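What follows is a set of notes on a single structure, which appears directly below.
The values are calculated or read from the model by the stated rules, or taken from the named source; none is laboratory data. From a predicted model like this one, the values you see are computed outputs, not experimental measurements. Note that each Cβ is placed from the backbone with ideal geometry, even for glycine, and that neighbours are counted across all protein chains shown. Ligands, DNA and RNA are stripped out before the accessible areas are found, and what is left, the full protein with its side chains, is counted by its heavy atoms. Shrake-Rupley method; radii C 1.70, N 1.55, O 1.52, S 1.80 Å.
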Amino acid sequence: MMRSWGRGWQDILYRDHVSFWGRGVKVSSRSSKVYILIDGRHVSTIHHRHLCPAGGQWSRQRDSPSFLTSVSQMRPFSSGTSNPDPILLHKQKLTQWFSHLPKEEKQFGVLFSPESMHVDPLILERNPKESQNVDTWMKDVGVNDYQSSLTTEQFFDPVPGSYTDRGHNVVLYGSVGTGKSMVVRKLVLDWCRGSALSQFELVIPFSCEDLSLLGRPASLRQLVRRKYLHLRDTPLLSGEGALARQVLFIFNGMEQMKLDFRLSTTELCADPDEPLPAGTILVNLFRKYLLPEASILVTTRLSALDRIPGKYVNRYVQICGFNNPDQQRAYFTSRLLHHASGEQPSQEAEALLRMLYLNLQSESQLAAACFLPSYCWLTCATLHFLHFTDAKAPIRTLTGIYTSFLRLNFGGEVLEASSRLGGAGGSEDQQGSSLMYYVAQTVGKLAFDGVNYKRTCFSEEELEQWIGGKTKTDEELRQLAVFQTDVLDFFLVPYVGSSRPGEDVGETRYVFAIPAMQEYLAALYVVLGENKTVLEKLGKQASEAIGQASEDLTSLLNILSKFLPLRIFAIFNLLKMFPSLYRRVSGHGKGRIARTMAAEMFRKEDQFNADVLDQVEQSVLGVQGPLPQERQEKEAFELYPVFMGGLLSYGNRVLLDQLGCTIKSTAVAQITSTLKKNLVKESQKHQPPEEMMDLLFFLYEFQNPRFTAEVLGSLKAISLARVRMTPLKCYVLRCVLSCAPSKHLLKELDLSSCHLTKDLLETLGPSLLRARSLNLQFNNLGPDACPQLKELLLDSRCQIRTLRLCDNSLLEPGVSCLLEALSENRSLRHLSLMHTGMGDGGARELAARLRDNKGLEELNVAYNAIGDSAAVQLVDTCREHPTINTVHLYLNQLSEAGKQSLHARAQRGEGPSRRVKVLASVTEGGELSEDWHPILGIIRQNCTSWERPRVREQLLLFLRDLEGGRRQTRSLAKKLYFRRVERDVKQTLRMLERGAP
């Protein structure tokens, strides 16, 4: 999958007695037995085998072809002897180590095995001279190449013209992220299983990154013994006879080492027991001077191919990644549809995969990026984050996914001190030695320039301007070529779309492989403080000079004169004499970063875009149909400020520090302080629902509960109406609201028209208790959601005064369940059950439950197919209720006699009965109802989503009642009033017939 997937086993190979950590599995060794524990329980014991020399040779029982790959499946191998077969033990330990998956895989929520995840990439036997340009070999791959793709078993087939008495040297090369380490992982596991490389008795994998860090010389046998203690006495590495013919060495990541094949600098050595630098041992193995019968497989990037002279290589094999949609689809299927539990994939997951596959087939930019398996992983992780968020599984942030992605591909890599490339400030300080820091300075600068000017495409001249810079020496030019080959092509790929107006048709344009990566790197460029003004740069230099100088002004001037012109000495004298001035200068950049984040989050010109999570989804799944013209003309980068906030969270700062991109806590504190003031000021203004969702997502990515609580304190209401809520968005809302103190309540939480379901309602959980007014109308809530709503109203913390459930198909069973909470709830004042399908049975149930309620004031049961009898019973109960003053009954199946009866009952207030306002029609007998306007207003708002024949029938009845009332009255003023209401009803009727508001 990616180069750095090998890092997990590279680190583990340092140890001999290893515990395999993963899903509660642990292997421990005690005396003569190996115990296997799962979740702390002993499930199996492995007894060691006895080894004894026979005639000067070692006798071994070969491993069975049915050797199992899973630790939990290993069967005890036995006998009463104490020593194990070293080869069998070696296979056992390699299986444990290479089956270990990085912690980043835990985000998928299920336990994957390397076998279920693996998809064979395209592997070709290819001359390196044909692969100098990534774009060229990508375009040259054809149908015949897929048919001639090599398997790992074919790597060591005989090569015509090569020595038969020597082992093969095979170089597996490819660009960053093509899956070299995953191929090695699969190859080793297949050998352990007995399904590959059967011609080799022993396979010994090494990490070149580990070898490059060795501080003192060591012999070949010492290197093997250090990582694999159980192989310390194996005769296969003695150099005697042709025993080494059965040995395969694997060196992963050769670009991490400097190999020198010149005889004048690298001595010859044929003794496997002679201590030498690790690089010298590798050179002698390749020369076939040391263990000439042994075979070698080395993996490397394109830029390091020339470090091994071609005469020492028997076969060059290029890994080309996933060069067709079918390979990509197989990868995504293994990730998104296959579950360890054997459960059938959901319809949602299958639909998601179909949409993704359609986007890959359309020759989209995503398909161009996903030729790298590493970008397939990033895409898959993003989709899982967007669509399969589960509160019970480990939840990550989007920023954390991208930071981990870069750490997996470039973690620990550095540029040499002599290769601090010019341009973009690369030679200013020692931080330039970090490869990722240099990426942030150069590629990040390019990304920031694109975000600043709303551009995603870049020309070759622009790449040269920001990436090349001013180079001076041959060494710098060489390092720049390495950077462009290995790193730049990883981030930027040719644009596959049509040229835009004003662009040269024949000119190659470049875009970021994944659109969000541009916003991530631009955000990283900003939060690292690289976007400095001249004053800020001078302030930093002044700080260093003042710290080094004594109180003597002459010493200070001598230091400053080495790098600053004389005309600005006066500025630094002031800074020295007035430290408070310097603090304002040094803190200016941090404040500007915070203001940039706040300003970018509330860009007025970007309000036509969907919220940032929908924007991410569209970039992965594509957009169905043509894009709006305004979106075609101007790019939107709403994810950019969100990434800035996410990069400042503690977890991401820890990962960035491992990459050499350090963000100091003092800088974060300054940015946070200024940002809080700006966000509180902006959040107090009315924000569109999409912008409000962006703010909530920003607070979630920021991962600072105290900061979130202070921002939420300024919010009086949260409106997310018409935002398409997903499991992730519901989880984000829940997490953010949980940061606020319990005493802080919103006046309103509007979740209307949000496509909420029972499962999403369950995800929201206690966050619904954070509002006095809860609007859940126009969602997809059914009877199965009513038990949750009932528990919500019965919760002792519930302070909901208004609950709107209009246009949810609760039906009579659901309403009956919900109404069970009325007897114990003491907070509810306004309950709206309009158009919920409650019917006569639900109305009678409501009438019965109201006798035990003491707090309701307004009840809306309009448009529920309630007849005369049930409506009269409900109104009579409401008249006896101590607090109810208004009942909505319009758009129900009421006859004229029923309406008149309700009107008459509403006017009477005799005995224990109270006068209650009943809204049943726009007329009350021969008079206009004083509430005709709100009735028509509600109908006008909802007529396009309700059943049109039913609404049309009611509107025609209103017109008939209005016409009859107008004829009965003799007052000219009343006739005109009737005419006005008739015009409004006819206008609503026309709106309904047009089908548009």
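Results for (1) open to solvent by less than 10 Å² (accessible area, probe 1.4 Å); (2) in a helix (DSSP H, G or I), shown as yes or no for each residue.
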| position | (1), (2) |
| --- | --- |
| 763 | no, yes |
| 791 | no, yes |
| 808 | yes, no |
| 849 | no, yes |
| 852 | no, no |
| 856 | yes, no |
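Test of understanding: among 724, 706, which residue is over 11 Å from residue 611 (Cβ atoms), surrounded by fewer than 22 Cβ atoms within 10 Å (Cβ to Cβ) and at pLDDT 90 or above? Talk me through it step by step, then tell me what you get.
Details: 724 fails: over 11 Å from residue 611 (Cβ atoms).
Going through 724, 706 in turn, the sole match is 706.
One line per residue, one yes/no per condition, for (1) modelled with pLDDT of 90 or more; (2) over 19 Å from residue 283 (Cβ atoms):
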residue	(1), (2)
168	yes, no
175	no, yes
187	yes, yes
192	yes, yes
201	yes, yes
232	no, yes
239	no, no
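Among the residues that make up segment 738-749, is at least one of them open to solvent by less than 40 Å² (accessible area, probe 1.4 Å) and more than 27 Å from residue 675 (Cβ to Cβ)?
no
Which of the residues that make up segment 826-842 are crowded, with 21+ Cβ neighbours inside 10 Å and closer than 19 Å to residue 882 by Cα? Working first, answer last.
Residues of segment 826-842 that are crowded, with 21+ Cβ neighbours inside 10 Å, as a first pass: 831-836, 838, 842.
Listed by number, the residues that qualify are 831, 832.
Any chance you could count how many residues in segment 155-183 are assigned to a loop (DSSP other than H, G, I, E, B), farther than 15 Å from residue 246 by Cα, open to solvent by 10 Å² or more (accessible area, probe 1.4 Å) and touching a Pro at 6+ places or on another chain (Cβ under 9 Å)?
Matching residues across segment 155-183 total 1.
Need pairs with beta-carbon distance below 7 Å; first residue small (Gly, Ala, Ser) and within segment 758-777, second open to solvent by 20 Å² or more (accessible area, probe 1.4 Å) and part of a helix (DSSP H, G or I); sequence gap 6+ or separate chains.
765/734; 767/734
Within segment 184-204, can you find the residues that are touching a Pro at 6+ places or on another chain (Cβ under 7 Å), open to solvent by 10 Å² or more (accessible area, probe 1.4 Å) and of a type outside the set (Gly, Ala, Ser)?
186
Of everything in segment 196-227, what is over 29 Å from residue 276 (Cβ atoms) and in contact (Cβ under 8 Å) with a residue 40 or more places away in the chain? Give them in sequence order.
Quick first cut of segment 196-227, residues over 29 Å from residue 276 (Cβ atoms) only: 196, 198.
Once the filter is applied, which keeps residues that are over 29 Å from residue 276 (Cβ atoms) and in contact (Cβ under 8 Å) with a residue 40 or more places away in the chain, segment 196-227 yields only 196.
Could you list, in sequence order, all residues of segment 245-260 that are open to solvent by less than 30 Å² (accessible area, probe 1.4 Å) and either modelled with pLDDT of 90 or more or part of a loop (DSSP other than H, G, I, E, B) (or both)?
Here is the first cut: in segment 245-260, the ones open to solvent by less than 30 Å² (accessible area, probe 1.4 Å) are 247-255, 257, 259.
Those that are open to solvent by less than 30 Å² (accessible area, probe 1.4 Å) and either modelled with pLDDT of 90 or more or part of a loop (DSSP other than H, G, I, E, B) (or both): 247, 248, 249, 250, 251, 252, 253, 254, 257, 259.
Please state which one of 181, 195, 207 is more than 19 Å from residue 373 (Cβ to Cβ), in contact with a Gly (Cβ under 8 Å, 6 or more places away or on another chain) and not basic (Lys, Arg).
Details: 181 fails: more than 19 Å from residue 373 (Cβ to Cβ); 195 fails: in contact with a Gly (Cβ under 8 Å, 6 or more places away or on another chain).
None of the other options fit; the residue is 207.
Name the single residue, out of those in segment 211-241 being of a type in the set (S, T, N, Q) and farther than 21 Å from residue 252 by Cα, that is farthest from the chain's Cα centre (by Cα).
First, the residues of segment 211-241 that are of a type in the set (S, T, N, Q): 212, 219, 222, 234, 238.
Now restrict to residues that are farther than 21 Å from residue 252 by Cα: 234, 238.
Working: 234: 47, 238: 50 Å.
Among them, the one singled out is 238.
Please specify each residue of segment 810-824 satisfying the condition of being at negative phi and open to solvent by 10 Å² or more (accessible area, probe 1.4 Å). Step through it out loud before you land on a result.
So the first thing to find is which residues in segment 810-824 are at negative phi, and the list is 810, 812-824.
812, 813, 816, 817, 820, 823, 824 - these are the residues of segment 810-824 that are at negative phi and open to solvent by 10 Å² or more (accessible area, probe 1.4 Å).
Of the residues that make up segment 386-405, is at least one in a loop (DSSP other than H, G, I, E, B), among the polar types (S, T, N, Q), more than 16 Å from residue 660 (Cα to Cα) and at pLDDT 85 or above?
For segment 386-405, residues in a loop (DSSP other than H, G, I, E, B), among the polar types (S, T, N, Q), more than 16 Å from residue 660 (Cα to Cα) and at pLDDT 85 or above: present.
Does any residue of segment 918-933 turn out to be within 52 Å of the chain's Cα centre (by Cα) and either surrounded by fewer than 17 Cβ atoms within 10 Å (Cβ to Cβ) or at pLDDT below 70 (or both)?
Checked segment 918-933: at least one residue is within 52 Å of the chain's Cα centre (by Cα) and either surrounded by fewer than 17 Cβ atoms within 10 Å (Cβ to Cβ) or at pLDDT below 70 (or both).
Mind listing just one residue for me: the one in segment 765-789 that is in a helix (DSSP H, G or I) and among the aliphatic types (A, V, I, L, M) and, of those, surrounded by the fewest Cβ atoms within 10 Å (Cβ to Cβ)? Walk me through it before giving the result.
So in segment 765-789, the residues in a helix (DSSP H, G or I) come out as 765-770, 783-789.
Applying the additional criterion that residues be among the aliphatic types (A, V, I, L, M) yields 768-769, 785, 789.
Working: 768: 22, 769: 19, 785: 26, 789: 23.
Among those residues, the one meeting the criterion is 769.
Do we find a residue being touching a strand residue (DSSP E or B) at 6+ places or on another chain (Cβ under 9 Å), in a helix (DSSP H, G or I), of a type in the set (A, V, I, L, M, F, W, C) and at pLDDT 90 or above anywhere in segment 875-889?
Within segment 875-889 (the criterion being touching a strand residue (DSSP E or B) at 6+ places or on another chain (Cβ under 9 Å), in a helix (DSSP H, G or I), of a type in the set (A, V, I, L, M, F, W, C) and at pLDDT 90 or above), the answer is yes, since at least one residue qualifies.
Within segment 663-676, is there a residue that is open to solvent by less than 50 Å² (accessible area, probe 1.4 Å), in contact with an Asp or Glu (Cβ under 9 Å, 6 or more places away or on another chain) and outside any helix (DSSP H, G or I)? I'd like the intermediate steps shown before the answer.
Quick first cut of segment 663-676, residues open to solvent by less than 50 Å² (accessible area, probe 1.4 Å) only: 663, 667-668, 671-672, 674-675.
Remaining after also requiring in contact with an Asp or Glu (Cβ under 9 Å, 6 or more places away or on another chain): 663.
Filter again for outside any helix (DSSP H, G or I), leaving 663.
Yes, there is a match, as at least one residue in segment 663-676 is open to solvent by less than 50 Å² (accessible area, probe 1.4 Å), in contact with an Asp or Glu (Cβ under 9 Å, 6 or more places away or on another chain) and outside any helix (DSSP H, G or I).
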